[in-house]
Amino acid sequence: MYAKSYDVKVWSVIKKGNYPLLASVQPPVDPEDIDEYTDEQMAVVQVNAKARNLLYNTVSGGEYEKISSCDTTKKMWDKLEVTYEGTSKVKETHINMLVHDC
């Protein structure tokens, strides 16, 4: 909820993956030289950076170790999701256990 309220685009990047730079615009020769970016490219880079920063700043040191090698925020989110919620098979088993206990 925090990520979505912070910026809906940031939440989208976390759930779906980085926004790609616009294909219709020539990519900069040096990706590290922000002076070469158009305003549209800079907006995309900024949203992707905000998403990564938000995740890094909301996890503990141990969680950081788990996600620091991920190259996209989606991969970071997926790793955290599996760590704390389990795979879809684990979730299904938990749901079945709860349903049958009632």
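Every condition in (1) farther than 20 Å from Leu21 by Cα; (2) open to solvent by 50 Å² or more (accessible area, probe 1.4 Å) is met by Ala43 except one, and the failing one is (1). The set of residues in the stretch 76-102 being modelled with pLDDT under 70 and small (Gly, Ala, Ser) consists of Ser88 alone. Would you check which residues across the stretch 57-73 are over 16 Å from Asp7 (Cα atoms), in a helix (DSSP H, G or I) and out of contact with any Lys or Arg (no Cβ under 8 Å at 6 or more places or on another chain) and list them? Hits for the stretch 57-73 are Gly61, Gly62, Glu63, Tyr64, Glu65. Look at the stretch 81-96: where a residue is closer than 21 Å to Cys70 by Cα and charged (D, E, K, R) and a partner is at pLDDT below 70 and surrounded by 11 or more Cβ atoms within 10 Å (Cβ to Cβ), sitting 6+ places away or on another chain with Cβ atoms under 8 Å, you get Glu85/Lys91. Within the stretch 48-82, the residues that satisfy the criterion of being small (Gly, Ala, Ser) and either in contact with a helix residue (DSSP H, G or I) (Cβ under 7 Å, 6 or more places away or on another chain) or surrounded by 13 or more Cβ atoms within 10 Å (Cβ to Cβ) (or both) are Ala49, Ala51.
Residue count for the stretch 23-59 satisfying the condition of being modelled with pLDDT under 80 and either touching a Ser or Thr at 6+ places or on another chain (Cβ under 8 Å) or closer than 17 Å to Thr72 by Cα (or both): 2. With respect to being closer than 23 Å to Glu32 by Cβ and of a type in the set (Lys, Arg), Lys79 falls outside the description.
The values are calculated or read from the model by the stated rules, or taken from the named source; none is laboratory data. Not measured: the values here are computed from a predicted model. Because the Cβ atoms are built from the backbone with ideal geometry, glycine has one as well, and the counts that use them run over all protein chains shown. In case anyone asks, the SASA skips ligands and DNA or RNA and just uses the protein heavy atoms, side chains included. Shrake-Rupley method; radii C 1.70, N 1.55, O 1.52, S 1.80 Å.
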